[in-house]
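What follows is a set of notes on a single structure, which appears directly below.
The values are calculated or read from the model by the stated rules, or taken from the named source; none is laboratory data. Worth saying up front: this structure is predicted, and the values here are computed from it rather than measured. Because the Cβ atoms are built from the backbone with ideal geometry, glycine has one as well, and the counts that use them run over all protein chains shown. The accessibility values were calculated without ligands, DNA or RNA, using every heavy atom of the protein model including side chains. Shrake-Rupley method; radii C 1.70, N 1.55, O 1.52, S 1.80 Å.
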Amino acid sequence: MRRNTVRLGLAGGVTAVCLAVSPLAAAAPGRPDGQPLADAFGALPLGPATLAETRTVRQLSEGVTHIAIERGTASAEDFWTVTIGVATTEAAAVSLEQQVRAAGYEPRRDPTAGPSPTGVDDRPLGWMVRVGRSPDQQGAQAIAADLQTKGVRGSVQFTGEDGHPTTGPWSVDVLVVDPRQFRGRLGSELATQIVPGRETTSSLARRTGALAAVNGGFFVISPTGTGQPGPGLAGTDGDLAGISVVNGDLVSEAVNDRPALVVPTDSGQGTAVRRLATRLSVRAGGFQREMTGLNRRPGLVVNCGGVGEAYPFTRPAHDYTCGNDNELVAITPVFGPAAPEGEGYQVTLDARGTVVAVRERLGGPVPADGSLLQGTGTGGQWLREHARPGEPLAVSRTVLDAERGTPLPLTAATSVVNGGPLLLRDGEIALDPVRDGFSPESIGGADRGSFYTGWYLRRNPRTAAGVTADGRIILLTVDGRRPAHSVGLSIPEVAQVMRGLGAVDAINLDGGGSTAMVVDGALQGLPSDSTGERPDGDAIVVLPQRRS
């Protein structure tokens, strides 16, 4: 039930409704009766049911609603501490504890907030080995600084973000787009309008004239535009770390089998969450070669999940760059004016696919009405043998629904945004961190337990997207890393919140410092980066109806 309803007149004839929400059992997901979504779900499934929650509802245009939700309050049981490391074995925990004691401090073990997804029972994945309890951040920073002088490195963390039960607070923003009423365009937009470079969601929203926008998929942050295979994402700064389709143009290949948000029409009608793969190839007469990438630097397969001879494996691995020494990568005009440089063999194609130039090195200008094929290793050798000036090469690019095995039609209205993990399928929580590349399993002998704990189990700022049973699109952002304002969500909590909002299918998008929602030109919430709003690789925009 609702109580204390107040209506506030806003500029432009938009009405805000402030609601104090009493605890309710969540309504059936998706409410197919067309009831306003703000009324169709109960209190958010975060913390004790008795927590206070308020909502401010604004209709931005026909079929577009913004809901701002504030829930909970800081817990007196949470505090600041210094984490020395995450240990997934007894031996690793003892080793960390010995370092702490040698520095003159007494360590403790705090269990992680969930088990290993590869484990056989519900025992915690491991322990966070820690030092100190401080009511404020400064106190923990002083301990960390002293430990640093003694050769022990630690990170200052707030226990309310660990993923264990807490009372919040949470600051949540929700955009709801109803394709049955919306007359504008819902879709993805590249930052800077080309692959290289990044742009804040606020800037992108202003540039496109969007009613609202949220940050999109994962991307590379690499000021040098280079890097090597290994932990982290390397390559071209701003490169989308997964599939991207903008206005029907395939911009970036898929991290195969990972989920993505598919928006097939301007209104958003038919929006879905699908596991996708890409199939890329080039043919010269009777000879065909698989292409391994699109609009990226050869040799660097971000988030892994590649094809061909990618190493150390071809499965997805989040925040990890796989390698491939035998690549064939297509560079199209959306990459911008200058191609990646390096060793290899390069072919220039005109708009008809005819070879107009070849060279024994990668780089140079990207033709505005053609494309480049960049080959390394055996990929370069294939081009040397089969790409003849004046003769055609047939390039094929197909997006597949990986679960159905059928091609995904691409029209001028199609947008696809990369993400992961899959949160919901058919109204049920569908988390599979191993399949989607978030496993704590070690890579090359390097333990990923700390990554899994920090990224998946602990609370962070989050962005997510989903679809209700009646076809409405839900875009969610949750602030985090600001304990007095909002503690963020763990990945399991994101899934629970999206289901509580009425989504039946949902996907996690890029979060952390990338999380941003802009409504009517104003950034909602507080960015978590100390430098302010982070420039991202792409965004999902809600554009107004074009006037004829």
Index of the failed condition, Gly85 passing every other in (1) of a type in the set (Gly, Ala, Ser); (2) surrounded by fewer than 20 Cβ atoms within 10 Å (Cβ to Cβ); (3) in contact (Cβ under 8 Å) with a residue 60 or more places away in the chain; (4) under 22 Å from Ser134 (Cα atoms): (2)
Check on Thr314, of a type outside the set (Asp, Glu), touching a residue at least 40 places away in the same chain (Cβ under 8 Å), assigned to a loop (DSSP other than H, G, I, E, B) and open to solvent by 50 Å² or more (accessible area, probe 1.4 Å): yes
From Pro367, Pro340, Pro298, residue being part of a loop (DSSP other than H, G, I, E, B), touching a Lys or Arg at 6+ places or on another chain (Cβ under 6 Å) and either at pLDDT 95 or above or not β-branched (Val, Ile, Thr) (or both): Pro340
Positions within segment 168-211 being touching a Ser or Thr at 6+ places or on another chain (Cβ under 6 Å), within 18 Å of Ala68 (Cα to Cα) and hydroxyl-bearing (Ser, Thr, Tyr), in sequence order: Ser171
Lone unmet requirement of (1) under 18 Å from the mean Cα position of the chain (by Cα); (2) surrounded by fewer than 19 Cβ atoms within 10 Å (Cβ to Cβ) for Val518: (2)
Candidates Ser171, Ser202, filtered to the one that is in a helix (DSSP H, G or I), over 23 Å from Gly248 (Cα atoms), touching a residue at least 60 places away in the same chain (Cβ under 8 Å) and out of contact with any Cys (no Cβ under 9 Å at 6 or more places or on another chain): Ser202
Meets criteria (more than 24 Å from the chain's Cα centre (by Cα) and either among the small types (Gly, Ala, Ser) or on the phi > 0 side of the Ramachandran plot (or both)) for Gly363: yes
Single condition Ala338 does not satisfy, out of (1) surrounded by 15 or more Cβ atoms within 10 Å (Cβ to Cβ); (2) within 31 Å of the chain's Cα centre (by Cα); (3) over 25 Å from Asp436 (Cα atoms); (4) hydrophobic (A, V, I, L, M, F, W, C): (1)
Considering residues of segment 341-352 that are of a type in the set (A, V, I, L, M, F, W, C) and open to solvent by less than 20 Å² (accessible area, probe 1.4 Å) only, the residue farthest from Ala394 (Cα to Cα): Val347
Evaluation of Thr477 against (1) open to solvent by 20 Å² or more (accessible area, probe 1.4 Å); (2) of a type outside the set (Asp, Glu); (3) closer than 19 Å to Gly187 by Cα (one fails), failing number: (1)
Residue list for segment 236-280, filter: within 27 Å of Pro223 (Cβ to Cβ) and among the β-branched types (Val, Ile, Thr): Thr236, Ile243, Val245, Val246, Val251, Val255
Verdict on Ala93 being at pLDDT below 95 and touching a Lys or Arg at 6+ places or on another chain (Cβ under 8 Å): no
Index of the failed condition, Phe182 passing every other in (1) in a strand (DSSP E or B); (2) within 20 Å of Gln545 (Cβ to Cβ); (3) not charged (D, E, K, R): (1)
Residue within segment 134-147 that is more than 26 Å from the chain's Cα centre (by Cα), in a strand (DSSP E or B) and over 30 Å from Gly63 (Cβ atoms) present: yes
Qualifying positions in segment 530-548 - open to solvent by 30 Å² or more (accessible area, probe 1.4 Å) and either modelled with pLDDT of 95 or more or not small (Gly, Ala, Ser) (or both): Thr531, Glu533, Arg534, Pro535, Pro544, Gln545, Arg546, Arg547
Residue ID - most open to solvent (accessible area, probe 1.4 Å), chosen from residues in segment 243-258 that are touching a helix residue (DSSP H, G or I) at 6+ places or on another chain (Cβ under 9 Å) and either part of a loop (DSSP other than H, G, I, E, B) or among the β-branched types (Val, Ile, Thr) (or both): Val246
Qualifying residue in segment 152-159 (condition: open to solvent by 50 Å² or more (accessible area, probe 1.4 Å) and either in contact with a Lys or Arg (Cβ under 6 Å, 6 or more places away or on another chain) or part of a helix (DSSP H, G or I) (or both)): no
Residue identified as of a type in the set (A, V, I, L, M), crowded, with 24+ Cβ neighbours inside 10 Å and closer than 13 Å to Val329 by Cβ among Leu276, Leu261, Leu300, Leu240: Leu300
Residue check for Arg207: touching a helix residue (DSSP H, G or I) at 6+ places or on another chain (Cβ under 9 Å), at negative phi and not polar (S, T, N, Q): yes
Among (1) buried (at least 24 other Cβ atoms within 10 Å of the Cβ); (2) under 20 Å from Arg185 (Cα atoms) - the single one Gly293 does not satisfy: (2)
Residues within segment 408-428 that are outside any loop (DSSP other than H, G, I, E, B), in contact with a strand residue (DSSP E or B) (Cβ under 7 Å, 6 or more places away or on another chain) and surrounded by fewer than 22 Cβ atoms within 10 Å (Cβ to Cβ), tallied: 1
